[in-house]
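Quick notes on the structure that follows.
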Amino acid sequence: MNPTPLKLLLVDDQDLIRESLHIVLDMDPNIQVVGLAENGRVALKQCEELQPDIVLMDIHMPIMDGVEATRQIKEAWPHIRVIILTTFQEISYVVDALGAGAEGYLLKAIHPKDWQRVLNGYIKAEH
């Protein structure tokens, strides 16, 4: 019996990144992209409505950044896992994101197959 697909919310202010990740991750039968959000405020609303298992969250976004959105998501729904996405490698971003409750931190430069491997690790941990 196959496990229930991991419900995933993608949050990034760049349409190209958001849509590209959606296409790549949708190819994995263990992952169901349930929503797309362009900023942290939209992500909060979608977390309430969609109850994803995991959120892939950009750090730098208008309206509400990923660190603040992560903090609010983890306060309201501690069971939702958040992985921060960014192009930045500065340690202060890592510290802020983890301090806000994120379970992990990935650079956008990671190879698409590695995205799937990381998320499938979460699937195995959930089931």
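Only residues that are farther than 19 Å from ARG81 by Cβ, touching a residue at least 40 places away in the same chain (Cβ under 8 Å) and of a type in the set (A, V, I, L, M) were counted across the range 1-23, and they come to 1.
Can you find, within the range 93-108, the residue that is farthest from LEU56 (Cα to Cα) among those that are among the hydrophobic types (A, V, I, L, M, F, W, C) and part of a loop (DSSP other than H, G, I, E, B)?
First, pick out the residues of the range 93-108 that are among the hydrophobic types (A, V, I, L, M, F, W, C): 94-95, 97-98, 100, 102, 106-107.
Next, only the ones that are part of a loop (DSSP other than H, G, I, E, B) stay: 100, 102.
Values: ALA100: 14, ALA102: 10 Å.
So the residue we want is ALA100.
For the range 41-98, the tally of residues that are within 21 Å of SER20 (Cβ to Cβ) and of a type in the set (Gly, Ala, Ser) stands at 3.
Say we look at the range 1-25 and pick out the residues that are part of a helix (DSSP H, G or I) and out of contact with any strand residue (DSSP E or B) (no Cβ under 7 Å at 6 or more places or on another chain); which of these is surrounded by the fewest Cβ atoms within 10 Å (Cβ to Cβ)? Let's see the steps before the verdict.
Keep residues of the range 1-25 that are part of a helix (DSSP H, G or I), which gives 15-25.
Narrowing further to those that are out of contact with any strand residue (DSSP E or B) (no Cβ under 7 Å at 6 or more places or on another chain): 15-17, 19-20, 23-24.
Values: ASP15: 10, LEU16: 8, ILE17: 16, GLU19: 13, SER20: 15, ILE23: 10, VAL24: 15.
The residue in question is LEU16.
Go through the range 52-68 and count every residue that is surrounded by fewer than 19 Cβ atoms within 10 Å (Cβ to Cβ) and either outside any loop (DSSP other than H, G, I, E, B) or of a type in the set (Ser, Thr, Tyr) (or both). Residues in the range 52-68 being surrounded by fewer than 19 Cβ atoms within 10 Å (Cβ to Cβ) and either outside any loop (DSSP other than H, G, I, E, B) or of a type in the set (Ser, Thr, Tyr) (or both): 1 in total. When GLY101 is tested against (1) at positive phi; (2) of a type in the set (Gly, Ala, Ser); (3) surrounded by fewer than 16 Cβ atoms within 10 Å (Cβ to Cβ), just one condition goes unmet, and that condition is (3).
Here LEU106 clears all of (1) at pLDDT 70 or above; (2) surrounded by 17 or more Cβ atoms within 10 Å (Cβ to Cβ); (3) within 16 Å of LEU9 (Cα to Cα) except the condition numbered (2).
Among the residues of the range 35-51, are any modelled with pLDDT of 85 or more, part of a loop (DSSP other than H, G, I, E, B) and farther than 16 Å from LEU10 by Cβ? I'd like the intermediate steps shown before the answer.
First pass over the range 35-51, keeping only residues modelled with pLDDT of 85 or more: 35-51.
Pick out the ones that are also part of a loop (DSSP other than H, G, I, E, B) and you get 38-39, 51.
Cutting the leftovers down to farther than 16 Å from LEU10 by Cβ gives us none.
There is no residue in the range 35-51 that is modelled with pLDDT of 85 or more, part of a loop (DSSP other than H, G, I, E, B) and farther than 16 Å from LEU10 by Cβ.
It is to be established whether one or more residues within the range 113-123 are under 22 Å from GLU19 (Cα atoms) and either at pLDDT 75 or above or in contact with a Cys (Cβ under 7 Å, 6 or more places away or on another chain) (or both). No, the range 113-123 has no match at all. Checked against (1) among the charged types (D, E, K, R); (2) more than 22 Å from HIS111 (Cβ to Cβ); (3) in a loop (DSSP other than H, G, I, E, B), ARG71 meets all criteria but (3). There is no residue in the range 62-79 that is within 24 Å of ASP114 (Cβ to Cβ) and aromatic (Phe, Trp, Tyr).
The values are calculated or read from the model by the stated rules, or taken from the named source; none is laboratory data. The structure displayed is predicted, hence computed values, not measured ones. Positions of Cβ are generated from backbone atoms using ideal geometry, with glycine treated the same way; all protein chains shown enter the neighbour counts.
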